[in-house]
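A.B. asks: To start, I am sharing the structure in question, which I have written as structure tokens.
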Amino acid sequence: MRRWTKRLGFGAGILLICAAGLGFLVLRASMPQTTGNLVLPGLEKPVRVMRDAHGIPSIAAASRHDLYMALGFVHAQDRLFQMDMQRRLGAGRLSEVVGDAALGSDRFMRTLGVYRRASISVNAVSAEFRTVLDAYSAGINAFLHSGKTLPIEFTVLGYRPDDWAPADSLVIGKLLELQHSGNYRQELQRARLAHLLPAGEMDSLFPDYPKDAPVTLRELAALTDGPLLDRVLDALPNDRSPQRASNNWVVDGAHSVTGKPLLANDPHLEFTAPLVWYLARLEAGDLDVTGAMIPGAPVVVLGHNNRIAWGFTTTNADVADVFVEQVDAADLRRYATPQGTAAFDVRDERIMVKGHPPETLTVRETRHGPVISDIVKDMPPAPANSALALQASYLNDDDQSVEAIWRIGLAKDWASWLDALRLFTAPAQNMVFADRNGNIGFIVPGRIPIRKAGDGRMPVEGASADHDWAGFIPFDQLPQTFNPKAGHIATANNKIVPDDYPFLITHDWDAPYRIERVEAGLAATPKQSIESSMLLQRDIVSLAAKELLPLMLAAEPSDARERAAIDMIRRWDNQMAADRPEPLVYAAWVRAINKRLFQPRLGIIYGRYWSPSARVTQSVLKNNPAWCGDEGCPRLMAAALRDALDDLTSRYGATMALWRWGEAHRASFEHPVFSHIPVLAALFDRHPPAGGAADTVNAGGFDGGRDDVPFADHHGPGLRAVYDLADPDQSTFQIALGQSAHLLSPYYDDMQKLWMRFEGIRIVREPEGETLTLIP
């Protein structure tokens, strides 16, 4: 037996070595060619792809056709698996390759019809942009048919990607629209909470919440109930958004050291490996545009050309509503409308599932939109035979948003930039602008609905037309300004319109912590430079902590450990520094307070509402102290501090002075597939220590509802940029990992250390590095 055990062990070792060797060979064979000449069928003239020391390509072509064909080829070289996963996500086809773990996501995407709508939208784009989409697709397909070994993910999952089509690029834009427009989830959560809590307590959970809203909900009580809402919320794909965190600001020439405008932007998205962003410079004829792209789409999303620069933050505009439709009890195929009953539009979606039989999903749509409650399998009829339908401005068949972003890269001034944005649908963004003539501007483009009644915070009945949409805010009346007297514009997901603005944008503005720090930073340095703006982007002062700590420090310590922790926090400067213990103690304490404060009231739905903002915690402590229990809020604070210190001691040892925020708050750049396989996760994932928090300018969102890694930083500024309109080529960029998704590439994570040190790089016209010439 011992001899056979040794032989089996030896055999297993040999197999592991062979597998590792095979994996290495596949990894090496899939590395892209970046020097010499390479034939690319379909090109009209040679194209130069010049990569700098970080693998950032500058692509120079004689025509736009050749430029975008080469771009498709280069994107496929560096990020093919990421691109394929994104289009599969949008098409509801992840289960085909990863199994039933993705069924929830696939059901949701098929129900919304995201890819169907993107396919129809191909017919809505201009002939000019259609040639761009076609050329880009041809470049990707040339790579797919080149005989090159595909990235190792395809080998592990055992499939080959389909050819690329123009709709695949448009669905990338649809995903951004969906990910940045999550208000419908908040509507469902508010409705669920309103079943549990009286009006006064709802006001505390949602400060500034209209006091008559629970009355509206009571009118809907016959149409919805808690279990229905619970099951729908549970069935929605896992989504930690919206994490409301992005910053941008622009100053005019009178407020910059160069005498020309300066624009800064650091959009915050979920961290992944590879990162969503890809840097490039594109040149063909009069086209010269540089910046950040999302592989899969042939557009520079954020960046500059030789005349203008632009940057975005999310507006959090409410562009989606949940309608409670009344199903005809006598005929379940029909639902109530103002004109009587109407038949649901019905279609069947066949979802292929790796390792399992296919699933057929029946999708119903009403006059408002798809019935999202149907994503719950085996859902019994809801009270009064209701169904929840989603109306969203981005669920349309004539979406030209991707083309609009392409066209702003061609714009030369404010007027042509606005003309491009007239095509934009979603997601509504706070867009700032600067040009070399010294102008600065701001607009929130997109389709933002005008409601006949209601404020979009709660689901509304759909049988009447009372809450229907009456159209969209006219473009010329959207929030905008040009060359304001203040000489600067700044946004950080904060409220952007005054109370007398005639239309509803949203009630879900983010707390003003970051915008207050940005405004203070601009005031402290009246003449901005690239260096001062980069310094402001790294700001980690937590105004939320400054605001909440006076209430927390009312805790009555019961032992030396608690007194030491309180003394430490009293001396703290409110900076969420990676190399300090105080931010960790503070974050763990707030987490424990929220658990003790909210879990008894919210019960099973606490997990969805684990992390209210500091303003919500304050609101409850001040307005509903009964939530603290019979012993009062100071004792709850002390008990929560004990909870936090016990938890941190179990994780990091008993010496408080050795605890570090960056050890707990590691940026989580995780591979979408391999992060679930420990051996491969160790190779592909990256977890550098990070400072900041969700409320700091240098943001770092975490999910405190998780017990395993409650403070892991999973959402933040994967991209930072500062544009100098005196000389756009002096603009600086930072991305958190690297350009390549190939593990053996020197560009896989080479910019991570620069990102951690807040060191920018420049993207020059003709970099000194590897040059690949693509020839017809």
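A.B. asks: Restricting region 686-716 to residues that are under 16 Å from the mean Cα position of the chain (by Cα) and not in a loop (DSSP other than H, G, I, E, B), which is surrounded by the most Cβ atoms within 10 Å (Cβ to Cβ)?
C.D. replies: Among those residues, the one meeting the criterion is ASP713.
A.B. asks: Mind checking which pairs have a first residue in region 745-761 that is closer than 17 Å to THR272 by Cβ and part of a loop (DSSP other than H, G, I, E, B) and a second that is of a type in the set (A, V, I, L, M) and open to solvent by less than 30 Å² (accessible area, probe 1.4 Å), Cβ under 6 Å, 6 or more apart or different chains?
C.D. replies: ASP749/LEU737; MET751/ILE735
A.B. asks: Just give me the residues in region 338-378 being open to solvent by less than 80 Å² (accessible area, probe 1.4 Å), in a strand (DSSP E or B) and closer than 21 Å to ALA463 by Cα, in sequence order.
C.D. replies: Those that are open to solvent by less than 80 Å² (accessible area, probe 1.4 Å), in a strand (DSSP E or B) and closer than 21 Å to ALA463 by Cα: GLY340, THR341, ALA342, ALA343, VAL363, ARG364, GLU365, PRO370, VAL371.
A.B. asks: Still on this structure: For ILE120, work out the one condition from (1) farther than 23 Å from LEU390 by Cα; (2) over 21 Å from the mean Cα position of the chain (by Cα) it doesn't fulfil.
C.D. replies: ILE120 satisfies every listed condition except (1).
A.B. asks: Pick from region 745-776 the residues that are open to solvent by 70 Å² or more (accessible area, probe 1.4 Å) and closer than 25 Å to ARG48 by Cβ: which of them is farthest from the chain's Cα centre (by Cα)?
C.D. replies: Out of the qualifying residues, it is PRO776.
A.B. asks: Taking region 536-567 as the region of interest, how many residues are free of Cβ contacts under 8 Å to residues at least 60 places away in the same chain and over 17 Å from ALA644 (Cβ atoms)?
C.D. replies: 2
A.B. asks: Looking at (1) open to solvent by 20 Å² or more (accessible area, probe 1.4 Å); (2) under 19 Å from VAL432 (Cα atoms); (3) assigned to a loop (DSSP other than H, G, I, E, B); (4) not small (Gly, Ala, Ser), which one does ARG517 not meet, given that it meets all the others?
C.D. replies: Of (1) open to solvent by 20 Å² or more (accessible area, probe 1.4 Å); (2) under 19 Å from VAL432 (Cα atoms); (3) assigned to a loop (DSSP other than H, G, I, E, B); (4) not small (Gly, Ala, Ser), only one is false for ARG517: (3).
A.B. asks: To continue, here is another question. Within region 551-573, how many residues turn out to be touching a helix residue (DSSP H, G or I) at 6+ places or on another chain (Cβ under 6 Å), of a type in the set (Gly, Ala, Ser) and either farther than 15 Å from TRP659 by Cβ or open to solvent by 50 Å² or more (accessible area, probe 1.4 Å) (or both)?
C.D. replies: Qualifying residue count for the region: 2.
A.B. asks: Any chance you could count how many residues in region 20-61 are modelled with pLDDT under 95 and small (Gly, Ala, Ser)?
C.D. replies: So the count comes out to 5.
A.B. asks: Related question: Checking the condition in a helix (DSSP H, G or I) and under 20 Å from the mean Cα position of the chain (by Cα), which residue from SER675, SER619, SER650 passes?
C.D. replies: Going through SER675, SER619, SER650 in turn, just one is in a helix (DSSP H, G or I) and under 20 Å from the mean Cα position of the chain (by Cα): SER675.
A.B. asks: While we're on this one: I'm checking my understanding of the structure. Among residues of region 574-587 that are outside any helix (DSSP H, G or I) and not hydrophobic (A, V, I, L, M, F, W, C), which one is surrounded by the most Cβ atoms within 10 Å (Cβ to Cβ)?
C.D. replies: Residue satisfying both the conditions and the ranking: PRO581.
A.B. asks: Residues to consider are SER137, SER146; find the one that is touching a Gly at 6+ places or on another chain (Cβ under 8 Å), at pLDDT 95 or above and either part of a helix (DSSP H, G or I) or surrounded by fewer than 22 Cβ atoms within 10 Å (Cβ to Cβ) (or both).
C.D. replies: SER137
A.B. asks: Across region 426-466, what is the total count of residues that are within 13 Å of ASP318 (Cβ to Cβ), of a type outside the set (D, E, K, R) and in contact with a Lys or Arg (Cβ under 7 Å, 6 or more places away or on another chain)?
C.D. replies: Final tally of qualifying residues: 2.
A.B. asks: So how many residues does region 408-432 have that are touching a helix residue (DSSP H, G or I) at 6+ places or on another chain (Cβ under 6 Å) and either touching a residue at least 60 places away in the same chain (Cβ under 8 Å) or of a type in the set (S, T, N, Q) (or both)?
C.D. replies: Matching residues across region 408-432 total 6.
A.B. asks: Within region 47-62, which residues are open to solvent by less than 10 Å² (accessible area, probe 1.4 Å), in a loop (DSSP other than H, G, I, E, B) and of a type outside the set (A, V, I, L, M)?
C.D. replies: Answer for region 47-62, where residues must be open to solvent by less than 10 Å² (accessible area, probe 1.4 Å), in a loop (DSSP other than H, G, I, E, B) and of a type outside the set (A, V, I, L, M): just GLY55.
The values are calculated or read from the model by the stated rules, or taken from the named source; none is laboratory data. Computed from a predicted model, the values in this text were never measured in an experiment. Because the Cβ atoms are built from the backbone with ideal geometry, glycine has one as well, and the counts that use them run over all protein chains shown. Accessible surface areas use protein heavy atoms only, side chains included; no ligands, DNA or RNA. Shrake-Rupley method; radii C 1.70, N 1.55, O 1.52, S 1.80 Å.
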